[in-house]
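Chemist: This structure is in structure tokens; I'll ask about it shortly.
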Amino acid sequence: MAIGRGQLFRSFREGLLKNAPPTEGRGPTGKENSRLCEKMTGFSPGTQSVEPQTLPQKKKRKKKAAKATVPCQPVVPLPRVPTKSIGHAGKPAECTPNHIERMPPEILLKILSYLDALSLFSIGFINKRFYEMAHSNGMWHKMYSAEYGHSMKWRPKRLDEVLDKLSTVVVQERPEGYWRRLYFRTMAGFNETKWRKELKDINPFTGLPSQTERILRSQRVTWEITVSDKWGLEGTFEQSRAYFSDSSVTVCWSSGRWPSFHQLSTLQLDGVKRQALSSPNINKPGWRSLMAKFDRDTISKSGQVIGRDQLVTLVLFSPSIVIGVWRGRWSIAFVMASFHYHRLVERSLLGTSMCPYSIPENKPPFDDADPDSGLHGYTLRIILHNTVTQIMAGHFSQLYCSKSQVHGGFIQLNVINRGSLSQHTPLSGRISLPWKCEALEGTVENCCMMSLTLMDEYQNPFWCVSTPVSMALNNKEPSNDYEGQHFLIKYQDAEGKVRMDLVWLEEQRQYFLINLVVFITTAKVNKHFGRAY
């Protein structure tokens, strides 16, 4: 009777504990379970109940009975912890081995050999291993031979085997990346035969190739500037805008973060021909031709201020390059350069990254019958312009110099005489040079670009200049024929110099060019014509 009553209360207690609500989101503790059982049943879990004696052979049932008493401590379910995804080898997915990296290089080279040139170039930016494989000389040599090699003629089988072995030796002797560079150089059209035929079309009015602009645009030629500061940090800047005229092109660089002007160590100008790719990657294959390079001494010593406005100051340190710096801070705002069309395509394409293109000498035939050879028959084409409009264009022929005018190491060519009013030329618009950077723009007064082409008696370019110039007030040499402010534009380099006198007429609101003189060094004339002036 006692045994049955004890089992009844034990079953009743277990049911109460099973249905008891948890306290604050968690199950009751052992002490709480004991108090609850004692309060509701009158029995304590520690009370010794009379258990029937069990037979020894039923040891397993005893264990089960002992396990049955465990629910007095209710089991609280543990929160489920998210596990990482398991790979094929039973490891986390992030530790899964890269099967491409485990491939032998021979198989990878075989796979890469099915790619075209542009895809093979792009895949070299994945990692170091793909970079090394994408520069394989053997793969690029096969691609170059298949694309640009000569047509194969029939040869005996043994001769083909010998030639294959010899070609393998030649490929291995070349430095790494040689055939890759040669492929893209040929691909970019550096065989010269494409555009040299077009350059033979000469404009008789200017003496320059008439298709220069079209060739530069079709060949996708751009110009880049690479600067380094005194700490050795380098930066390359692509051109922002380009303005073409009939004898020169003006290029502007205004985007990017430039160093301070006083911290410049080197400045390098390159002509760049990049291949068009469908990939947006900025590192596109192409060719780089060095056009000019200036060191720190050249930048600091040859810098000359030619104009300023409220925001920037223009500093000319090269015959064709001007730098705009912010006033008060001397940090670079933009760079502007003017390139003459004479040999511009060759200089932008046929140089190397270390050596510029060397312009060949074009000497005229020696004339013993003409004692004044080199002193007459000159033709001048001069243009004043800026990045927006053309200010003045003049064409003057049959210029000459008498032997009595050869003095001071110069040959003087009088183009426009001060006393001849019929030769005076009006200018359209004011002399100014607009500029633009990423956020601001402005105009520097009394500055512009000058493009000058002097041709010899055979109508070949003899002296070509394209440079920024400045105009200064000149009241020391006034003209008796005009009432107004007089101005002077001067330019000089190692081969010659130019002097231009202008007057501002307030009534017409216009400039007039009243004097133009060109001086050529006798050393240049003697070398070109084989004379001894």
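Chemist: Return a yes/no flag: does region 245-261 have any residue that is touching a helix residue (DSSP H, G or I) at 6+ places or on another chain (Cβ under 8 Å), modelled with pLDDT of 95 or more, under 19 Å from VAL465 (Cα atoms) and part of a strand (DSSP E or B).
Modeler: The answer is yes, given that some residue of region 245-261 is touching a helix residue (DSSP H, G or I) at 6+ places or on another chain (Cβ under 8 Å), modelled with pLDDT of 95 or more, under 19 Å from VAL465 (Cα atoms) and part of a strand (DSSP E or B).
Chemist: Do we find a residue being of a type in the set (D, E, K, R) and in contact with a His (Cβ under 6 Å, 6 or more places away or on another chain) anywhere in region 422-431? Break it down into steps so the answer makes sense when it comes.
Modeler: The first filter runs over region 422-431 and keeps only residues of a type in the set (D, E, K, R), leaving 430.
Narrowing further to those that are in contact with a His (Cβ under 6 Å, 6 or more places away or on another chain): none.
Looking for residues that are of a type in the set (D, E, K, R) and in contact with a His (Cβ under 6 Å, 6 or more places away or on another chain), one finds none in region 422-431, hence no.
Chemist: Restricting to region 274-307, what's the tally of residues that are open to solvent by less than 50 Å² (accessible area, probe 1.4 Å), modelled with pLDDT of 85 or more and within 23 Å of ARG347 (Cα to Cα)?
Modeler: 5
Chemist: Then there is this: Which condition breaks for ALA523 when tested against (1) of a type in the set (A, V, I, L, M); (2) in a strand (DSSP E or B); (3) touching a residue at least 60 places away in the same chain (Cβ under 8 Å)?
Modeler: (2)
Chemist: If I filter region 386-409 down to residues being in a strand (DSSP E or B) and more than 15 Å from LEU452 (Cβ to Cβ), which single residue comes out as least open to solvent (accessible area, probe 1.4 Å)?
Modeler: VAL406
Chemist: Right, another one. Which residues, counting only those in region 308-345, are farther than 30 Å from SER210 by Cα, open to solvent by 10 Å² or more (accessible area, probe 1.4 Å) and of a type in the set (Gly, Ala, Ser)?
Modeler: Correct list: GLY328, SER331.
Chemist: Do we find that MET450 is of a type outside the set (Val, Ile, Thr), in contact (Cβ under 8 Å) with a residue 60 or more places away in the chain and open to solvent by less than 40 Å² (accessible area, probe 1.4 Å) in this structure?
Modeler: yes
Chemist: Oh, and also: Which one of the conditions (1) exposed (fewer than 11 other Cβ atoms within 10 Å of the Cβ); (2) modelled with pLDDT under 80 does LEU118 fail to meet, given that it meets all the rest?
Modeler: Of the numbered conditions (1) exposed (fewer than 11 other Cβ atoms within 10 Å of the Cβ); (2) modelled with pLDDT under 80, the odd one out for LEU118 is (1).
Chemist: Of the conditions (1) under 43 Å from the mean Cα position of the chain (by Cα); (2) open to solvent by 70 Å² or more (accessible area, probe 1.4 Å), ASP481 clears all except one; give me its number.
Modeler: (1)
Chemist: Suppose we keep only residues that are modelled with pLDDT under 90 and open to solvent by 20 Å² or more (accessible area, probe 1.4 Å) within region 204-230. Which one would you say is farthest from PHE396 (Cα to Cα)?
Modeler: LYS230
Chemist: Provide a single number: the residues in region 347-374 that are within 15 Å of PHE529 (Cα to Cα) and surrounded by 10 or more Cβ atoms within 10 Å (Cβ to Cβ).
Modeler: 9
Chemist: On to the next question. Can you tell me which residues in region 447-488 are in contact with a Gly (Cβ under 7 Å, 6 or more places away or on another chain) and of a type in the set (Phe, Trp, Tyr)?
Modeler: Correct list: TRP463 only.
Chemist: Could you tell me which numbered condition GLN423 fails, if it satisfies all but one of (1) surrounded by fewer than 18 Cβ atoms within 10 Å (Cβ to Cβ); (2) in contact (Cβ under 8 Å) with a residue 60 or more places away in the chain; (3) over 32 Å from the mean Cα position of the chain (by Cα)?
Modeler: Answer for GLN423: the failing condition is (2).
The values are calculated or read from the model by the stated rules, or taken from the named source; none is laboratory data. Keep in mind it's a predicted model, so treat the numbers as computed, not measured. Here Cβ is always computed from backbone atoms with ideal geometry, including for glycine, and neighbour counts include all displayed protein chains. Accessible surface is based on the protein model in full, side chains and every heavy atom, while ligands, DNA and RNA are left aside. Shrake-Rupley method; radii C 1.70, N 1.55, O 1.52, S 1.80 Å.
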